[in-house]
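A quick write-up on the structure given underneath.
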Amino acid sequence: MEELRGSCGCGKSTYTLSRAPTRRFLCHCGICQAVYKAPYADAMITNASTVEIDPASPLTFRHLNGSKSIDRGICDSCGSPTMGFMKLGPGLRLGFVPTPTLSGAAGLPDPAMHIFYESRAADVEDSLPKYDTPGRSMRACLWPFVAGFAGW
Ligand SMILES: [Zn+2]
Ligand SMILES: [Zn+2]
């Protein structure tokens, strides 16, 4: 499998993925709306061990909604979200990859669901499942990773 190279909007913050993420979702939460400056975020989840951030990247990582939330890496130069991490448990750390950072890459999964749909800025007319409330959203989004972790 070929490595994937991603970057922020201005190109100063870059990273490599050793394989393509397997799961993609559309998040309507208020923090994603603010960080992505869009009605919802288009992002993918992968095992954090597949992510290598270029050490020269001017990224600042912050927890924007409490310490258990995603640690979001935002480019100091252009303000775009470039990579996020979330620790689910011992040895279980996920990478959250903003899909726009891989624009043009082949082999990315199609979006599988909408989450935090209760916070939506506007209704979306498509056939994807739509999950509301943080509990249901996070379960729908993360469960396959927890369940499949033994096989990683
Ligand atoms: Zn940038
Ligand atoms: Zn979100």
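Let's see how each residue does on (1) touching a helix residue (DSSP H, G or I) at 6+ places or on another chain (Cβ under 9 Å); (2) more than 22 Å from Thr16 (Cβ to Cβ); (3) in a loop (DSSP other than H, G, I, E, B); (4) within 16 Å of ligand 1 (Cβ to nearest atom):
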| site | (1), (2), (3), (4) |
| --- | --- |
| Ile74 | yes, no, no, yes |
| Asp132 | yes, yes, yes, no |
| Met138 | no, yes, no, no |
| Ala147 | no, yes, no, no |
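Can we say Ala43 is buried (at least 19 other Cβ atoms within 10 Å of the Cβ) and at pLDDT 95 or above? Taking the combined requirement at face value, the residue satisfies it.
Residue check: is Gly107 in contact (Cβ under 8 Å) with a residue 60 or more places away in the chain, over 20 Å from Gln33 (Cβ atoms) and over 16 Å from the mean Cα position of the chain (by Cα)? Yes; evaluated as a whole, the condition is true for this residue.
The values are calculated or read from the model by the stated rules, or taken from the named source; none is laboratory data. Because the structure is predicted, anything quoted here is derived from the model rather than measured. All Cβ positions, glycine included, derive from the backbone under ideal geometry; neighbour counts span all protein chains shown.
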